[in-house]
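Asks: So that we are looking at the same thing, I have put the structure below in structure tokens.
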Amino acid sequence: METYGYNNPESQQNQNFSNKNYHSEKKLAAGLLGILLGTFGANKFFLGYTKEAIIQIVLNIVTCGVATVLPLIEGIIYLTMSDEQFDRTYVQNKKAWF
């Protein structure tokens, strides 16, 4: 049955149930890459942000490694947000930084 823009309570209930089992495929890998290999922009390359990964590498060279703090923080942010929010923000909307 079509609802013409109105939410059907039954479908909303089923949608909430399916969201509990939602699992992001890239979140754990991107978070760990950011923490462990963020110096080399590995988390950015993994998510498909080539330009930002190169910027990260250049920043680390120019600042003698001080900019390594940025991917460390990003990795922690990736791991602490929900799977659905991670996918919406970094995979679908392509938000490159924080």
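Asks: Say we look at the range 69-84 and pick out the residues that are more than 13 Å from residue 31 (Cβ to Cβ) and surrounded by fewer than 16 Cβ atoms within 10 Å (Cβ to Cβ); which of these is modelled with the highest pLDDT?
Replies: Among those residues, the one meeting the criterion is 69.
Residues are listed down the side, and each one gets a yes or a no for (1) closer than 18 Å to residue 32 by Cβ; (2) β-branched (Val, Ile, Thr):
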residue: 55; (1), (2): no, yes
residue: 58; (1), (2): no, yes
residue: 62; (1), (2): no, yes
residue: 66; (1), (2): no, yes
residue: 73; (1), (2): yes, yes
residue: 76; (1), (2): yes, yes
residue: 80; (1), (2): yes, yes
residue: 92; (1), (2): no, no
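The values are calculated or read from the model by the stated rules, or taken from the named source; none is laboratory data. Remember, predicted model here, so these are calculated numbers, not experimental data. Here Cβ is always computed from backbone atoms with ideal geometry, including for glycine, and neighbour counts include all displayed protein chains.
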